[in-house]
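Novice: Sharing a structure, written as structure tokens. Questions coming.
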Amino acid sequence: MDRELFRQIKPARIFLALTVALGVLGAAATIAQMTFLSEVVSRVFMGDENLGRVEGLIFLLLAAIVVRAALVWAREVVGQRGAIQIKTKLRERLFSHLMRLGPTYTKNERTGELVSTAVEGIERLDAYFGRYMPQVLLSLLVPLMIFVYLVQVDWISALLLVGSAPVIPILMIAVGKHSERHIQRQWLALSRLSAYFLDTLQGLTTLKAFGRSRAESETVAKVGERFRKRTMKVLRYAFASGLVLEFMVSIAIALVAVELGVRLLRGDISFQPAFLILLLAPEFYRPLRELGTHRHAGMEGKAASGQIFEILNTPAPVSGGDAYPREIQNQLTIRLDSVRFSYPDGSRPALSGVSLDLPVGTTTALVGRSGAGKSTLANLLLRFLEPSEGDILANGLPIMGLPVENWREHVALVPQRPHLFYGTVLENIRLARPGATPEEVQRAAELAGADGFIRRLPEGYDTQIGERGARLSGGEAQRVAIARAFLKDAPLLVLDEPTSSLDPKSERLVRQAIERLSKGRTTLIIAHRLNTVYSADRIAVLEDGHLREVGTHEELLERSTLYAGLVNAPERVTT
Amino acid sequence: MRVLLRLLGFLGAHPWRAALAVLLGVATVASNVGLLALSAFLIAAAALKPELAALSVPIYLVRFFGVSRGFARYAERVVSHDVTFRLLRNLRIWFYERLEPLAPSRLLEHHSGDLLDRAVEDVDELQNVYLRIFSPILVAAFTVSATFAVFWVFSPLLAFVALGFLVAAGVGVPLLVDALARRTGRQQVELRAELSAQLVDSVQGVQDLLAFGAEKERRDRISEINRKLARAQRRMALIEGLQGSLNDLLSNLAMLVLLVLAIPLVSGGEIRGVYLAFLALVILGSFEAITPLGSAFQFLGRSLSAAGRLFEIADEEPQVRDPQNPAPVPERPGLEFRRVTFSYSNSGSKALDDVSFEIKAGSRVAVVGPSGSGKSTLARLALRFWDPDGGEVLLGGRDVREYAQEDLREKIGLVAQDTHIFNGTLRRNLLLARPEATQRELERAVEAARLGGLVESLPEGLDSWVGEQGLRISGGERQRLAVARALLKNAPILLLDEPTANLDTVTEQELLGSIREMVQDRTTLLITHRLVGMEGMDEILVLDKGRIVERGTHAELLRSSGLYRQMYDTQREMLAAA
């Protein structure tokens, strides 16, 4: 996964290399600093020299200190810059890919989760790339550097340090493995317990209606206590690898110190090198300790990038078509030729061998129970999906050969639940044609029967709507979507009627607007209303992915019991 | 400051554990300082070549600190996390008990929809108060005092210089970084919120974006915010890098300055040379306690604003209160609305305007009307989630305000559209309605609510996990679960708020069958926009914009060709598709 990321984002490698280089330079400055320090102390203590005699060394020490601090700063800044670049690129790539995956993918995922992956998930990568990754390399390089330097000072101590070094990660991994298993076992229970509180608050009204809200306070306490006990059990294990690290490092330093003391007594070594070794011993272990503190961020980042790549590696349902956009005439005949489609997860095909003509300028109503394949068919026409077999032809030309954007220029969609974007009404209608003038937008709104209610909004066409703006009713949103379609003025129209009834007035206005819109266009309506099927030129009946019947209302009433069942059902309900 | 003191109050519950954790924190730092400084002293003393016996105490101490460091740190982490989770538990109980009387009226009217998510995040944020704020500050204070004392033994001048550097790094640097980062930090938060909002909007609207070829323009807009965010983050990296770098600089400078000051004292014979290395490592080691202070200040800022928001909610007055001497609720009451007027305090228009009707004990009334006509408000007032502005709601002939809320709600079974499905097993979700229900009663309710098929299809039956974290339940199944709960509760009054919304026509028919059995003999208020099963109602009220515009039986209303008739005709227009 790391490799994949670095292959994708080349400049990140340069930043990583630079960060590591700065870390290595920092370690060199530390070695210089400790050498000067040991020299100063040794000369004053053993050589009885005064301040004036060590002045030169003091200035060297000062220089090393300043350089080291500057390198610490530079390393952090460069590491972060690299991480920021990765995050920015990755976020753009993720968004583009989400757009390519289209509505059939996002419908099945939770929006909140997708967005938090794209925002917080990607943010979490900065600790991973900026700190953890360089630290992994540095925890190898820096101890090696210090070892090479110390070999020349005193090879016995250098060997003692280097001998202890591999034991630490091995022990940590051994302990970590054991605790990891334990943590995994507790994980589900813990995540359930921690989600419990929000769940209870969200259900407070329901609890109240059942008179359970006061009693629930006891459960809140009980669950809190259980959460504490379980978490502590997990943490006692999780902290164990930290214990191993601290314990081994401290013991090793103590051993080195005692060994040095004994050799000093015997006169095998002099004070300055002994003190230098003592000063560098903690520095030898420092990168390993830092790796320990960044490990958690590293794990989080790894988990986050797992989610990110899961999305990025989901194949887009539609290929791009060949590179040349083609002019299509402004009159469209659509032919579906034995179209089959199965969803990747479903075993049962959603459409099996559907052949259907949509002649120029006619309206075809599509009816059937839920799950019959109506939406799949609409998604295929808009190329949110591509047929597994068979062809869709526009004036005899397979639409799969066209670039997706090029094809969609010829289709207008009025979905069942149109989305209103945060922005003004004007911007929302203009989505269909960003260059349209306000007059053209208003004309489209008039045709859609939307002009009246828009003018009654507090700021007319400039009123903010969408999630963070004014709320429109279902019928009003429907008419904004119809206005979009008028503005787009495309030869093929795909309409998905709302399944539930609007209030009587909205119902009438929407019906009239749809009649105006579909006039002269090749239209497919997923119908839920009797009036729609009465006025359609032809009706196509779908059942379990098969096209059962095509004909007019009267014809089908005679021929098809399936169709009769569909249109009669409301009568049955009321009796 | 008042917020801070109130926060401290929460810590008061576990003073001894909290003190122990701080003590262990000090021991951790002290072990490290002791290990390094005494090692330095050991080799300096050894360099003077005394008898081995003279070194036995320092050798013993070095070994001791070598061992104690790891264990002190482990124990400190365990105890301080234990305190943290106790704190979290107490905060949750406290917040729940404060919120309970406010729901739902105060919450729905005064706050935005994400109030609860926000509050839960805020409570989680506050668990850091001990672990990341108070504990590090106390450990640092103890360590600084101890360092001061050690240097004081050698020279007061050295002691004050050491103190100066420690305070500069511990307080000065965080304040400096905070001041520099404030503007960029705020900008970053805003940009991230904007980015999230745009992404939510785009993901939810992806169908419309693609259909109208607007995805490129969208992508550009998001790239623009993304780039702005990157710019702010690059600025932030320059500032945040200072924290670590300045700490490093100050600790080494402190060592250097103390060395320069101590050398003349050594030369003058006031300090023995053997202590020089020791002193250098004491000051270097003691900075370990200073490092966490930088983040402690950041956490402090965040915790204070989180606490401020929570206290604001917790201090609100409940809108509905129990009476001093609650009256007993009759066994088989009727329900009456007498000239009730009501508006939500966050909206200008009246939700109910002079509404009067009576449901005699054991009879059935339906309220129909377009969405937004005020239908659901009737149920909310009957349950006393709100109190009316004018007029009164009577149950068994008494104003509902004379009963205790829990007694009142015990008599009412509710099937609501927004029924909450709790994270947990199906069984737990059902038992909510009547904790003492037997297995047989559960099964009967499940069967009657047409949930049998669902339960059978689940591998663990009634013990399957549902809700956000388990099997997600469809709108129709949620509806049927609500019916099952009402069946279990078996209360004399039934409020049915859109019981068949989100159901296909076949299931609607079946469920209406069970509901018909359930309403036998019960005082029933049916709120709906689906005109199905209206023939069985004793009276139907048509509500429009908060007023009753028509009333009568199904047959009467159909004849009068008003709003009811129009709604009925529109409905007959629908195909049986959903």
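The values are calculated or read from the model by the stated rules, or taken from the named source; none is laboratory data. Remember, it's a predicted structure, so these values are computed and weren't measured experimentally. Please note: Cβ atoms are built from the backbone with ideal geometry, for glycine as well, and neighbour counts cover all protein chains shown. Ligands, DNA and RNA are stripped out before the accessible areas are found, and what is left, the full protein with its side chains, is counted by its heavy atoms. Shrake-Rupley method; radii C 1.70, N 1.55, O 1.52, S 1.80 Å.
Novice: Considering each residue of the range A:377-393, count those that are within 20 Å of residue A:496 (Cβ to Cβ) and not aromatic (Phe, Trp, Tyr), and give that number. Before the answer, list the steps.
Specialist: To start, the set of residues in the range A:377-393 that are within 20 Å of residue A:496 (Cβ to Cβ) comprises A:377-387, A:392.
The next check asks that each one be not aromatic (Phe, Trp, Tyr); those that pass are A:377-383, A:385-387, A:392.
Within the range A:377-393, residues that are within 20 Å of residue A:496 (Cβ to Cβ) and not aromatic (Phe, Trp, Tyr) number 11.
Novice: Working only within the range A:502-518, note down all residues that are closer than 16 Å to residue A:530 by Cα, touching a residue at least 60 places away in the same chain (Cβ under 8 Å) and touching a strand residue (DSSP E or B) at 6+ places or on another chain (Cβ under 9 Å).
Specialist: A:514, the sole residue that qualifies.
Novice: Might you let me know whether the range A:235-246 holds any residue that is surrounded by fewer than 20 Cβ atoms within 10 Å (Cβ to Cβ), of a type in the set (Val, Ile, Thr) and either facing chain B (nearest Cβ under 7 Å) or closer than 30 Å to residue A:144 by Cβ (or both)?
Specialist: Within the range A:235-246, none of the residues are surrounded by fewer than 20 Cβ atoms within 10 Å (Cβ to Cβ), of a type in the set (Val, Ile, Thr) and either facing chain B (nearest Cβ under 7 Å) or closer than 30 Å to residue A:144 by Cβ (or both).
Novice: Only one residue in B:9, B:25, B:66, B:70 is open to solvent by 10 Å² or more (accessible area, probe 1.4 Å) and in a helix (DSSP H, G or I), so which one is that? Before the answer, list the steps.
Specialist: Values: B:25 fails: open to solvent by 10 Å² or more (accessible area, probe 1.4 Å); B:66 fails: open to solvent by 10 Å² or more (accessible area, probe 1.4 Å); B:70 fails: open to solvent by 10 Å² or more (accessible area, probe 1.4 Å).
It is B:9.
Condition check ((1) of a type in the set (A, V, I, L, M, F, W, C); (2) in contact (Cβ under 8 Å) with a residue 60 or more places away in the chain; (3) buried (at least 18 other Cβ atoms within 10 Å of the Cβ)) across all residues:
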residue	(1), (2), (3)
B:452	no, no, no
B:474	no, no, no
B:477	no, no, yes
B:482	yes, yes, yes
B:490	no, yes, no
B:494	yes, yes, yes
B:519	yes, yes, yes
B:527	yes, yes, yes
B:547	no, yes, no
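Novice: Among the candidates A:225, A:216, A:180, which residue alone is acidic (Asp, Glu), assigned by TED's automatic domain parsing to the domain that holds residue A:245 and open to solvent by less than 30 Å² (accessible area, probe 1.4 Å)? It would help to see each step written out before you state the result.
Specialist: Working: A:225 fails: open to solvent by less than 30 Å² (accessible area, probe 1.4 Å); A:180 fails: open to solvent by less than 30 Å² (accessible area, probe 1.4 Å).
On inspection, the qualifying residue turns out to be A:216.
Novice: Given the options A:263, A:230, name the one that is under 27 Å from residue A:121 (Cα atoms), within 11 Å of chain B (Cβ to nearest Cβ), surrounded by fewer than 19 Cβ atoms within 10 Å (Cβ to Cβ) and among the charged types (D, E, K, R).
Specialist: Numbers: A:263 fails: under 27 Å from residue A:121 (Cα atoms).
It is A:230.
Novice: Can you pull out every residue in the range A:349-370 that is free of Cβ contacts under 8 Å to residues at least 60 places away in the same chain and either within 14 Å of chain B (Cβ to nearest Cβ) or under 38 Å from the mean Cα position of the chain (by Cα) (or both)? If you could, list the steps in order and put the result at the bottom.
Specialist: Applying the first criterion (free of Cβ contacts under 8 Å to residues at least 60 places away in the same chain) to the range A:349-370 yields A:357, A:370.
Result: A:370, single match.
Novice: Where the second residue is surrounded by 15 or more Cβ atoms within 10 Å (Cβ to Cβ) and not in a loop (DSSP other than H, G, I, E, B) and the first is of a type in the set (A, V, I, L, M, F, W, C) and lies in the range B:315-326, which pairs have Cβ atoms under 9 Å and are six or more apart or on separate chains?
Specialist: Listed by first residue and then by second, the contacts come to B:320/B:101; B:320/B:105; B:320/B:401; B:320/B:405.
Novice: Scan the range B:198-217 residue by residue and report those that are more than 7 Å from chain A (Cβ to nearest Cβ) and open to solvent by 10 Å² or more (accessible area, probe 1.4 Å).
Specialist: Correct list: B:198, B:216.
Novice: Hey, can you tell me all the residues within the range B:487-497 that are in a loop (DSSP other than H, G, I, E, B) and within 11 Å of chain A (Cβ to nearest Cβ)? Quick ask: steps written out before the conclusion?
Specialist: Here is the first cut: in the range B:487-497, the residues in a loop (DSSP other than H, G, I, E, B) are B:490-492.
B:491 - this is the single residue of the range B:487-497 that is in a loop (DSSP other than H, G, I, E, B) and within 11 Å of chain A (Cβ to nearest Cβ).
Novice: Sticking with this one: Condition first: assigned to a helix (DSSP H, G or I) and either of a type in the set (A, V, I, L, M) or surrounded by fewer than 16 Cβ atoms within 10 Å (Cβ to Cβ) (or both). Now tell me which residues in the range A:267-288 satisfy that.
Specialist: Quick first cut of the range A:267-288, residues assigned to a helix (DSSP H, G or I) only: A:271-288.
Scanning the range A:267-288 gives A:274, A:276, A:277, A:278, A:279, A:280, A:281, A:288.
Novice: Are any residues in the range A:518-546 within 38 Å of the chain's Cα centre (by Cα) and either among the hydrophobic types (A, V, I, L, M, F, W, C) or more than 25 Å from residue A:329 (Cα to Cα) (or both), and if so, which ones?
Specialist: Within the range A:518-546, A:524, A:525, A:526, A:527, A:528, A:542, A:543, A:544, A:545, A:546 qualify.
Novice: Please go through the range B:549-574 and give me each residue that is open to solvent by 70 Å² or more (accessible area, probe 1.4 Å), part of a helix (DSSP H, G or I) and within 14 Å of chain A (Cβ to nearest Cβ), ordered by number. Step through it out loud before you land on a result.
Specialist: Of the residues in the range B:549-574, the ones open to solvent by 70 Å² or more (accessible area, probe 1.4 Å) are B:549, B:551, B:556, B:559, B:561, B:565-566, B:572.
Filter again for part of a helix (DSSP H, G or I), leaving B:556, B:559, B:565-566, B:572.
Correct list: B:565, B:566, B:572.
Novice: May I pose another question? Considering only the range B:159-184, state which residues are open to solvent by less than 20 Å² (accessible area, probe 1.4 Å) and more than 14 Å from every other protein chain (Cβ to nearest Cβ). Working first, answer last.
Specialist: Start the filter on the range B:159-184 by keeping residues that are open to solvent by less than 20 Å² (accessible area, probe 1.4 Å), which leaves B:159, B:162, B:166, B:169-170, B:173-174, B:177, B:181, B:184.
The answer is B:159, B:162, B:166, B:170, B:174.
Novice: Yes or no: residue A:10 among the charged types (D, E, K, R), surrounded by fewer than 23 Cβ atoms within 10 Å (Cβ to Cβ), over 26 Å from residue A:153 (Cβ atoms) and touching a helix residue (DSSP H, G or I) at 6+ places or on another chain (Cβ under 9 Å)? Before you say what the answer is, go through the steps one by one.
Specialist: Values: among the charged types (D, E, K, R): yes; surrounded by fewer than 23 Cβ atoms within 10 Å (Cβ to Cβ): yes; over 26 Å from residue A:153 (Cβ atoms): yes; touching a helix residue (DSSP H, G or I) at 6+ places or on another chain (Cβ under 9 Å): no.
Judged against the criteria, residue A:10 is not a match.
Novice: Let me ask another. Taking strands (runs of 3 or more DSSP E) that do not extend beyond the range B:297-394, which have at least 1 residues that are within 14 Å of another protein chain (Cβ to nearest Cβ)?
Specialist: Working: elements: B:335-342, B:352-359, B:364-368.
Result: B:364-368.
Novice: Something else: In the range A:480-520, how many are among the basic types (Lys, Arg), over 22 Å from residue A:369 (Cα atoms) and surrounded by fewer than 20 Cβ atoms within 10 Å (Cβ to Cβ)?
Specialist: Keep residues of the range A:480-520 that are among the basic types (Lys, Arg), which gives A:484, A:488, A:505, A:508, A:511, A:516, A:519.
Add one more test, that the residue is over 22 Å from residue A:369 (Cα atoms), and what stays is A:484, A:488, A:505, A:508, A:516, A:519.
Next, only the ones that are surrounded by fewer than 20 Cβ atoms within 10 Å (Cβ to Cβ) stay: A:505, A:508, A:516, A:519.
Total meeting the criteria: 4.
Novice: Here is a further query. Residues that are among the β-branched types (Val, Ile, Thr), closer than 30 Å to residue A:100 by Cβ and without any contact (Cβ under 8 Å) to a residue 40 or more places away in the chain: does the range B:255-275 have at least one? Before you say what the answer is, go through the steps one by one.
Specialist: Within the range B:255-275, the first condition is being among the β-branched types (Val, Ile, Thr), and the residues that meet it are B:257, B:260, B:263, B:266, B:271, B:274.
After this cut, where a residue has to be closer than 30 Å to residue A:100 by Cβ as well, the list is none.
Within the range B:255-275, none of the residues are among the β-branched types (Val, Ile, Thr), closer than 30 Å to residue A:100 by Cβ and without any contact (Cβ under 8 Å) to a residue 40 or more places away in the chain.
Novice: From the list A:136, A:78, exactly one residue is at the interface with chain B (Cβ under 10 Å from one of its Cβ atoms) and either open to solvent by 30 Å² or more (accessible area, probe 1.4 Å) or over 11 Å from the mean Cα position of the chain (by Cα) (or both). Which is it? Walk me through it before giving the result.
Specialist: Values: A:136 fails: at the interface with chain B (Cβ under 10 Å from one of its Cβ atoms).
When all the criteria are applied, what remains is A:78.
Novice: Give the range B:360-379 a look and list any residue that's within 35 Å of the chain's Cα centre (by Cα), at positive phi and surrounded by 21 or more Cβ atoms within 10 Å (Cβ to Cβ), or say none.
Specialist: Within the range B:360-379, the subset within 35 Å of the chain's Cα centre (by Cα) is B:370-379.
Right, trim to at positive phi and you get B:372, B:374.
If the condition is that a residue be within 35 Å of the chain's Cα centre (by Cα), at positive phi and surrounded by 21 or more Cβ atoms within 10 Å (Cβ to Cβ), then B:374 is the only one that fits.
Novice: Could you tell me whether residue A:88 is farther than 21 Å from residue A:278 by Cβ and of a type in the set (Ser, Thr, Tyr)? Working first, answer last.
Specialist: Numbers: farther than 21 Å from residue A:278 by Cβ: yes; of a type in the set (Ser, Thr, Tyr): yes.
When the stated conditions are applied, residue A:88 passes them.
Novice: Further question on the same structure: With (1) crowded, with 17+ Cβ neighbours inside 10 Å; (2) out of contact with any Gly (no Cβ under 9 Å at 6 or more places or on another chain); (3) not small (Gly, Ala, Ser) as the list, and residue A:55 as the residue in question, which single condition is left unmet?
Specialist: (1)
Novice: Okay, next question. Among what's in the range B:238-254 and is among the small types (Gly, Ala, Ser) and buried (at least 20 other Cβ atoms within 10 Å of the Cβ), pick the residue that is nearest to residue A:98 (Cα to Cα).
Specialist: Going through the range B:238-254, the residues among the small types (Gly, Ala, Ser) turn out to be B:241, B:244-245, B:251, B:254.
Checking which are buried (at least 20 other Cβ atoms within 10 Å of the Cβ) leaves us with B:241, B:245, B:251, B:254.
Values: B:241: 34, B:245: 40, B:251: 49, B:254: 54 Å.
Within the range B:238-254, the match that is nearest to residue A:98 (Cα to Cα) is B:241.
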